[in-house]
Amino acid sequence: MRADDPFDDPVTARAVIAADGTVTRWNEAARRLLGHRAEDVVGRPAVRLLADGAQPPRPPADTRWSGTLALRHRDGGTVTVWLLAHRGRPEEGEADDWLAVTPLPSEPADPAKDPLLWAAMVQSSCATVVFDTELRLHGANDAMAELLGLPAAHLRGLTPTDVGGRPWHRELERHMRRVLRTGRGHDVQPGLRAPDKSHEGSWLARIAPLTDDSGRVVGVCVTAHDFTEQNRARARLQLVNEASIRIGTTLDVTRTAQELTEVCVPALADFVSVDLLDHHQGADPTDPLTLPVSLRRIAHRSRTAGNPESATDLGKVVVYPAAAPQADSLVAGHSVVASVPSGDLDPWFAVDNVRARQIREFGVHSMLSVPLQARGVTLGVASFTRFRHPEHFTYDDVLLAEEITARAAVCIDNARRYSRERETTLTLQRSLLPRGLPRTVAVDAVSRYLPAAHTGVGGDWFDVISLSGMRVAMVVGAVVGHGIQASATTSRLRTAVRTLADIDLAPDELLTHLDDLVLHLSHESGGGTGPGEVGATCLYAVYDPVSRRCTLARAGHPPPVLVPPEGPVRILDLPSGPPLGLGGLPFESVELALPEGSVLAFYTDGLVDGRGGDTAADAGPRMLCDALSHAASGSLDEACDRVLQAMLPPVPATDDVALLLTRTRGLPSSRVATWDVPADPALVSPVRKQVLDQLGVWALTDASFTVELVVSELVTNAIRYGAPPIRLRLICDASTLICEVSDASHTAPHLRRARTWDEGGRGLLLVAQLTQRWGSRHTAEGKTIWAELGLAEEL
């Protein structure tokens, strides 16, 4: 045995006992205590050392045992000693070996005679223990003895590892030697568990050197400070701060509820669920809740994968009877804590066997139900369950849960209000858009509209409007802003565009009138004197299938993309024009020929802004051209889907997106007949005959009578009240026949009812009765009066 072996400490008797009860080591101090030599004891049963009649201690269930034993001295006498035993260190033997220690008898410590102990008692006001330079314990106050669970009178002479064999004891001893060597204090945070505690607390062991008058280190003083409650308070504050950051990141009810569960598991509970009342129940705080309460599971989370503790799937209805703590908290309007050992949940178990079996299966011992309340309205309940946490819910836990759920309730209420307003706005917005695009001879059209994800529904809109002469108007626009106000402005603009289109204004003239309307709305909305209070952009195009020409004008709107049947995709070069609402600035129209089968793509800026990760202004339009490269020959529906997939990011769009694709069609020249009419009433009859002949060519002789009357009336009016040159044109497709009479006069006729004694004035009334619709439009050369007949009704 080495002389410097700490096992052979001369003032502490030590022995190592193997798992089979035999003595494997025996030091000199043990010989001095009982008189037995090591060679007489080692390898023999330890029970032989007990005095006659002494009962051996029961095998301890813990890693430490202490108590008083009567031992047999070599001379046959009995020695009663206080003995401390704990599992030995692996380096000293097997892991199941026990180290038994007891200090040799010495004089009681007298603070007046022991300056080291006196200094410790004076300098420390908490749990304190003092060791000398050999790390032998000189004394411990009552607070430290209570913390260790050992009597202070029997600790003198023990080393830190004699007191306990846990790893932190050895770690503490290492730091104490460091303090002895350097003379500088050191702080350690061991995981110390007090004897009366079921869990390890947060402790701070402060190791300070003790010096004599000359400044020489003569020992160390260790004081233990319990910071468990302070750390818990800090953790609660940190959890509240985390909740303020993580809860309410979106205006989505389900996501907000899920964020509440993510924050609280496992920091506050092992399983958390959020159940909300139906909308009609939670909307009016004056409506009393009726039991049992039906709620809908919005979110839940468990520290166990798969959420096996949940008896209800997400989105399903869960019913809480009167005995459930969730129902109690909802009715009472405050938090309810219930525990299984106390029997609080027995009434619930009696009426819900499935829930009772599940709670017992997972070892649930306590539950906390907190009502979700915001702005005086009860929204639902949050349930907190513990089965792995050893402690039941405390008063501080209830306060913490209430603080977190109060914030979550406000965020959920905000999300519900937003969702309700968004749904209302979206319904309004969709009602303003065409339910279906009209089937026209001029174009095939498909569209897509995607509202903004989080910023509220905006003011993007589009329309396809049938015009006279089988022409069609295509319009797309965007109102600045989001929400109800933007949708209301969109409604006004769409109605205005349809009204102005009905009188067949040219695109630039229509935008001028629309600009005046937006300027008027700006003054009405803000009461200001300057333009721009209400902003909007618009693009208006008119396509004629007879001439295959398209006239376009835009007011600050992105230009359309043209996909010709043959040739590269390109963005049309149109004068930009100012946005609507600025007032006083002109708009310009551009006319171009479009081959049959050309595709025009109209869109709003939400489709192209910031696309492709490129800061260049034309990055989005370039991507759109690439996505439309195959649109001319393929399906327009597939082209729309391909464009949205290519252009929109995977995250929800922050702005509205409207897309309108149209493919032009041409009317064959064989379906159009034109005649120049002399300004002579006597020549109307030959014109009627030519018309009848043309109807025979088109196999429309059944409509001859009606067409003859309409042609006769319109041509006669043009000769009487118009100015030459006069031209008659018939346009025919499978279901419609259009009669147009043009002259050089700019005076438009008006429909009126003739009085009994009037000789004229019944012509246009007759035309209106015989046709589906009629009207007039101004042209650069004068005007055109037109009438439209439905062939299905005539045949």
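The values are calculated or read from the model by the stated rules, or taken from the named source; none is laboratory data. None of these values were measured; they are calculated from a predicted model. All Cβ positions, even for glycine, are placed from backbone atoms using ideal geometry, and neighbour counts span all protein chains on display.
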Check your understanding: If only one of 691, 697, 657, 643 is crowded, with 16+ Cβ neighbours inside 10 Å and outside the structural domain of residue 439 (by TED's automatic domain parsing), which one is it?
Key -> 691
Check your understanding: Which of the residues belonging to the range 696-741 are outside any helix (DSSP H, G or I) and over 21 Å from residue 769 (Cα atoms)?
Key -> 698, 699, 722, 723, 724, 725, 726, 727, 733, 734
Practice item. Check 709, 714 and return the single one that is among the aliphatic types (A, V, I, L, M), at pLDDT below 90, in contact with a Gly (Cβ under 9 Å, 6 or more places away or on another chain) and surrounded by 14 or more Cβ atoms within 10 Å (Cβ to Cβ). Key: 714
Check your understanding: Does residue 742 satisfy the criteria of being modelled with pLDDT under 90 and surrounded by 13 or more Cβ atoms within 10 Å (Cβ to Cβ)?
Key -> no
Exercise for review: Could you please let me know if residue 504 is closer than 30 Å to residue 731 by Cα, assigned to a strand (DSSP E or B) and acidic (Asp, Glu)?
Suggested key: no
Practice item. Take residue 662 and decide whether it is of a type in the set (Ser, Thr, Tyr) and under 30 Å from residue 766 (Cβ atoms). Key: no
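Rundown of residues vs (1) among the aromatic types (Phe, Trp, Tyr); (2) closer than 18 Å to residue 225 by Cβ, yes/no style:
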{"residue": "137", "(1), (2)": "no, no"}
{"residue": "144", "(1), (2)": "no, yes"}
{"residue": "147", "(1), (2)": "no, yes"}
{"residue": "155", "(1), (2)": "no, no"}
{"residue": "168", "(1), (2)": "yes, yes"}
{"residue": "174", "(1), (2)": "no, no"}
Exercise for review: Give the residue that is nearest to the chain's Cα centre (by Cα), with candidates limited to residues of the range 54-81 that are touching a residue at least 12 places away in the same chain (Cβ under 8 Å) and part of a loop (DSSP other than H, G, I, E, B).
Suggested key: 63
Point to revise | Of all residues making up the range 539-560, the number that are in contact with a Leu (Cβ under 6 Å, 6 or more places away or on another chain) and farther than 28 Å from residue 738 by Cβ | key: 4
Check your understanding: Would it be correct to say that residue 281 is more than 16 Å from residue 355 (Cα to Cα) and at pLDDT below 90?
Key -> yes
Review point. When you go through (1) assigned to a loop (DSSP other than H, G, I, E, B); (2) modelled with pLDDT under 90; (3) touching a strand residue (DSSP E or B) at 6+ places or on another chain (Cβ under 8 Å) one by one for residue 416, which number turns out not to apply?
Key: (1)
Revision key, fill the gap. Across the range 219-232, the tally of residues that are in contact (Cβ under 8 Å) with a residue 12 or more places away in the chain and surrounded by fewer than 17 Cβ atoms within 10 Å (Cβ to Cβ) stands at 6
